[in-house]
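Novice: Just passing along the structure, written as structure tokens.
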């Protein structure tokens, strides 16, 4: 699966995030910002003490992660149901190859859409949508369908019936 990042073209390799060779400190830093970002007045200073490197180096390394697309954002993860977003769905679209970039840009305009991917096969663009209820999902999908000018049979709405896992973390540094 190829992710379709916010504000990036999909079929142009020059716009895809760069690869980055990670040293042991990078891996430890990524582990900290993923698992236990310090909620203190000076979080980067706190991290610098944990890694035994200067604060400016922590900030530089995180900036490099963001520049190269290794880190997409630093922020909280929410349990959507606990903040009133009780409906979610996986959506698959059948999009002509030459329209994938255009359609991805339209999809990426929606704040409640995430995990926008291009895949091989008849249904080649997939994303998730979260909303307050099923009616809101239906409204957003109809609005989106009209914006991208896709027939009803070109969109599959696969609502969540049961969520099994809501958090993904990666083991980057040795414990």
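The values are calculated or read from the model by the stated rules, or taken from the named source; none is laboratory data. Worth saying up front: this structure is predicted, and the values here are computed from it rather than measured. Here the Cβ is made from the backbone with ideal geometry for all residues, glycine too, and neighbour counts use every protein chain on show.
Novice: Within segment 127-151, which residues are out of contact with any helix residue (DSSP H, G or I) (no Cβ under 9 Å at 6 or more places or on another chain), buried (at least 16 other Cβ atoms within 10 Å of the Cβ) and touching a residue at least 40 places away in the same chain (Cβ under 8 Å)?
Specialist: Residues satisfying the conditions are 128, 136, 137, 141.
Novice: Still on this structure: When residues of segment 130-172 are filtered for being over 22 Å from the mean Cα position of the chain (by Cα) and assigned to a loop (DSSP other than H, G, I, E, B), how many remain?
Specialist: 3
Novice: State the number of residues belonging to segment 161-175 that are surrounded by 12 or more Cβ atoms within 10 Å (Cβ to Cβ) and over 30 Å from residue 27 (Cα atoms). Let's see the steps before the verdict.
Specialist: Narrowing segment 161-175 to residues surrounded by 12 or more Cβ atoms within 10 Å (Cβ to Cβ): 172-173.
Restricting the remaining residues to those that are over 30 Å from residue 27 (Cα atoms) gives none.
So the count comes out to 0.
Novice: Now for a separate question. Mind checking which residues of segment 93-129 are within 27 Å of residue 78 (Cβ to Cβ), assigned to a loop (DSSP other than H, G, I, E, B) and more than 14 Å from the chain's Cα centre (by Cα)?
Specialist: 119
Novice: Something else: Only one of (1) within 18 Å of residue 146 (Cα to Cα); (2) modelled with pLDDT of 95 or more fails for residue 112. Which number is that?
Specialist: Here residue 112 meets the rest and fails (2).
Novice: Could you list all residues from segment 65-96 that are surrounded by fewer than 16 Cβ atoms within 10 Å (Cβ to Cβ) and at pLDDT 95 or above?
Specialist: 90, 94, 96
Novice: Can I ask one more? Could you check segment 24-73 and list, in sequence order, the residues that are part of a loop (DSSP other than H, G, I, E, B), touching a residue at least 24 places away in the same chain (Cβ under 8 Å) and in contact with a helix residue (DSSP H, G or I) (Cβ under 6 Å, 6 or more places away or on another chain)?
Specialist: Here is the first cut: in segment 24-73, the residues part of a loop (DSSP other than H, G, I, E, B) are 36-42, 52-54, 68-73.
Subsequent filtering for residues that are touching a residue at least 24 places away in the same chain (Cβ under 8 Å) retains 37, 53, 68-72.
Of everything in segment 24-73, just one residue is part of a loop (DSSP other than H, G, I, E, B), touching a residue at least 24 places away in the same chain (Cβ under 8 Å) and in contact with a helix residue (DSSP H, G or I) (Cβ under 6 Å, 6 or more places away or on another chain), namely 71.
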